[in-house]
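Written below as structure tokens is the structure these notes are about.
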Amino acid sequence: MSEAVSALGGARFEGLAVVEDCGLSGMITLRGDLSAAAVKKAALAGSGCAVPGERKAVVSDKGALLWMSPDELLVLCPYDEVGARVAAMTKALGKAHALAVNVSDARAVLRLSGPKAREVLAKLSPVDLSPEAFGVGDLRRSRIAQVAAAYWLEDEESFRIICFRSVAEYVFGVLKVAAAKGSAVGYF
Amino acid sequence: MLILECPYCGVKADETELSAGGEAHLKRFGPGADDESFEGYLFARENPKGVHFERWRHSYGCGKWFHAARNTATLEVYGTYPAQVSVPPKDILKTISAAVPGWRWRDLG
């Protein structure tokens, strides 16, 4: 068995905000009709959470559940539990027309935190990140500079960002530039 | 900047989050069609100054295809609607008629 490592190897940057690698995270894509009982059951089995509303993220002590599109959820869980979770989810799905797949190694997870976190991310993404428009638990799939990314607000001052593993270095780089000391805009 | 509301995830997405997918409501002519209809399906496109119907994809967001009715001259957006239809919904046609009396687009209007 090869040793799994995260794309950024624990990288960390401190500037206007702290940008850090979150390490390995288990990720399972669940695709299907989100209103179907079997899919709801599978989501609960995988993450311990009920299906969140449109563009929301929910967290439980077992994991997290993210709304990715009208027919797609993403389950987050500890990296070494993925196999068991996928098996439990597949069992819960039964014969429903839906699919649970382990995508842990396809993506990277970063955290952006600090009082200026909103400002740093707003420089890179075409989304209204003002406190009135984007609150705790809100999730968006959008762009960070030139690549696709999903992010949600974990608490008032920290975002969790998911991007493809192949562009993790790029995302870390642009976040570093946006969080450079002395580059505060003071918009929010 | 063009802002279209994705009918699937409700996001008011700005143009840079979307990919343009060309003209909407094309009727496909495949094997067995005569040359003229196949050529029309392949090459003939509207290029209006005014009301236009287009396909867009929320490519950086939920990834779904949808339709948009907008005005190429004023950049006014009359509405967006799901991809699973072959004609625009009535309420959007009504909005367009109110904004641009006498408009024509292919056999609509």
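The values are calculated or read from the model by the stated rules, or taken from the named source; none is laboratory data. As the structure is a prediction and not an experimental result, all values here were calculated from the model. Glycine also receives a Cβ, built like all others from the backbone with ideal geometry; neighbour counts cover every protein chain displayed.
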Over the range A:171-180, the set of residues surrounded by fewer than 21 Cβ atoms within 10 Å (Cβ to Cβ) and either within 14 Å of A:Ala117 (Cα to Cα) or not small (Gly, Ala, Ser) (or both) is A:Val174, A:Lys176, A:Val177, A:Ala180
Could you please let me know if A:Lys40 is at negative phi and either surrounded by fewer than 17 Cβ atoms within 10 Å (Cβ to Cβ) or over 16 Å from the mean Cα position of the chain (by Cα) (or both)?
yes
The range B:1-43: number of residues that are within 14 Å of another protein chain (Cβ to nearest Cβ) and either over 22 Å from B:Gly109 (Cβ atoms) or assigned to a loop (DSSP other than H, G, I, E, B) (or both)
18
Would you be able to say whether some residue in the range B:23-43 is under 30 Å from A:Tyr151 (Cβ atoms) and under 16 Å from the mean Cα position of the chain (by Cα)?
no
Could you please give the count of residues in the range A:39-71 that are out of contact with any Lys or Arg (no Cβ under 8 Å at 6 or more places or on another chain) and in a helix (DSSP H, G or I)?
6
Verdict on A:Leu112 being surrounded by 15 or more Cβ atoms within 10 Å (Cβ to Cβ), modelled with pLDDT of 95 or more, in contact with an Asp or Glu (Cβ under 6 Å, 6 or more places away or on another chain) and under 26 Å from A:Val82 (Cβ atoms):
no
From the option list B:Arg55, B:Arg104, single residue qualifying as surrounded by 15 or more Cβ atoms within 10 Å (Cβ to Cβ) and of a type in the set (D, E, K, R) is B:Arg55
In the range B:98-108, residues that are out of contact with any helix residue (DSSP H, G or I) (no Cβ under 8 Å at 6 or more places or on another chain) and either free of Cβ contacts under 8 Å to residues at least 12 places away in the same chain or part of a loop (DSSP other than H, G, I, E, B) (or both) total 7
Output for Cβ contacts, cut-off 9 Å, separation at least six or different chains, first residue of a type in the set (A, V, I, L, M) in the range A:159-188, second loosely packed, with under 14 Cβ neighbours inside 10 Å, reads A:Val167/A:Gln146; A:Val174/A:Gln146; A:Ala179/A:Glu14
Subset of the range A:127-170, residues within 14 Å of chain B (Cβ to nearest Cβ), surrounded by fewer than 18 Cβ atoms within 10 Å (Cβ to Cβ) and not small (Gly, Ala, Ser), comes to A:Asp128, A:Asp138, A:Gln146, A:Val147, A:Phe164
Take the residues in the range B:66-82 that are surrounded by fewer than 17 Cβ atoms within 10 Å (Cβ to Cβ) and touching a residue at least 12 places away in the same chain (Cβ under 8 Å); name whichever of them is nearest to A:Glu54 (Cα to Cα).
B:Pro82
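Take the range A:82-108 and flag every residue that is in a helix (DSSP H, G or I), more than 15 Å from the chain's Cα centre (by Cα) and surrounded by 15 or more Cβ atoms within 10 Å (Cβ to Cβ). Can you show your working first?
So in the range A:82-108, the residues in a helix (DSSP H, G or I) come out as A:82-93, A:104-106.
If we keep only those that are more than 15 Å from the chain's Cα centre (by Cα) as well, we get A:82-93.
Selection gives A:Val82, A:Arg85, A:Val86, A:Ala88, A:Met89, A:Thr90, A:Ala92, A:Leu93.
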Residues located in the range B:44-95, provided they are farther than 29 Å from A:Lys56 by Cβ, among the basic types (Lys, Arg) and outside any loop (DSSP other than H, G, I, E, B)
B:Arg70, B:Lys90, B:Lys94
Which of the following residues is under 15 Å from the mean Cα position of the chain (by Cα), under 23 Å from A:Arg165 (Cα atoms) and within 14 Å of chain B (Cβ to nearest Cβ): A:Leu30, A:Leu66, A:Leu24, A:Leu76?
A:Leu66
